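Read the figures in this text as sums done on the coordinates, not as results from a lab. Fair warning: this is a prediction, and the values are worked out from it, not measured in the lab. All Cβ positions, glycine included, derive from the backbone under ideal geometry; neighbour counts span all protein chains shown.
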Amino acid sequence: MSDEPKRWWQWVLMYPTIIIALFAGVPQIYQWGSAIALGLSPFANVSEAQAQEKAWERNVDCLHNIDHVKPSSSTNYSIDLVSCPSGDILVTLRPLQNPDQQVSRWIVTRALFAEAALLSLVSPALAQDNPSATTTVRIIDIKKQGSTVIRRVQLSDDTCVDETINAFSGRRLSQKSAPCAKF
């Protein structure tokens, strides 16, 4: 018994299937090779790593001139935030027991808005926002209802609003006036 196909239709089915399977695996093999070439795990997200590198290049001068914000937290690590004029935010986490093993990641805010715009295709809510509008001063209360978060905030003009936010995407769905009291 030979493993070779004996009929013509076996040849027609077997070899194109093997070629298609190998061809379909090329992007994944390229991804693994790129990750290893960058010194990452083969399963790392190469495009995210490259975006982090570009953020470091774009914001290297900012790190000297900007004040760091250190919010208090009840975690076993300290948090350090640097907001750059480009809009990017550097988040650095330092374990309290081993401060030498800190981790720094850039939050590229442009990418967050691009993602929100893709989710809503053409976002009328983003187009209507006024850049000179009042800003959030403090959060009064928050409640979660299913996959939405309702956040009551006090604005700089001393009025309050309820913001409805999609918990999965982080996108604000709506905003309406509210009393300046907890829920």
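General observations
- Distance between the pseudo-spin-label points of Ser47 and Ser104 (7 Å out from Cα toward the beta carbon): 2.6 nm.
- Hypothetical label at Lys143: residues of segment 150-166 whose amide nitrogen lies under 16 Å (7 Å Cα-Cβ projection): 150-153, 161-165
- Close amide-amide hydrogen proximity is noted between Asp88 and Thr109, each under 5 Å apart and 5 or more residues distant or on a separate chain (H modeled in the peptide plane; Pro and chain starts excluded).
- Counting only lysines at least 8 places from Lys182 when in the same chain, those with an alpha carbon closer than 30 Å to its own are Lys70, Lys143, Lys144.
- Dipole size of the chain about its Cα centre, with +1 on Lys/Arg Cβ and -1 on Asp/Glu Cβ: approximately 580 debye, rounded to the nearest 20.
- When only alpha carbons of segment 46-107 are considered, Rg and Dmax amount to 12.4, 33 Å.
- Pairwise Cα inverse-distance average, inverted: Kirkwood Rh of segment 15-67 (Å): 13.5
- A compact globular protein would have a Cα radius of gyration near 2.2 N^0.38 Å; the ratio found for the chain is 1.57.
- Residues in segment 95-103 carry Karplus couplings, in order, of x, 5, 7, 9, x, 6, 9, 6, 10 Hz; the curve used is 6.51 cos²θ - 1.76 cosθ + 1.60 with θ = phi - 60°, and Gly or Pro positions show x.
- Farthest positive-ward along segment 46-107 dipole, Cα basis, beta-carbon charges - from Ser72, Ala51, Ile89: Ser72
- Span-like helix ranges in the chain, DSSP H, alpha carbon extent 24 angstrom or more, Kyte mean at least 0.0: 8-37
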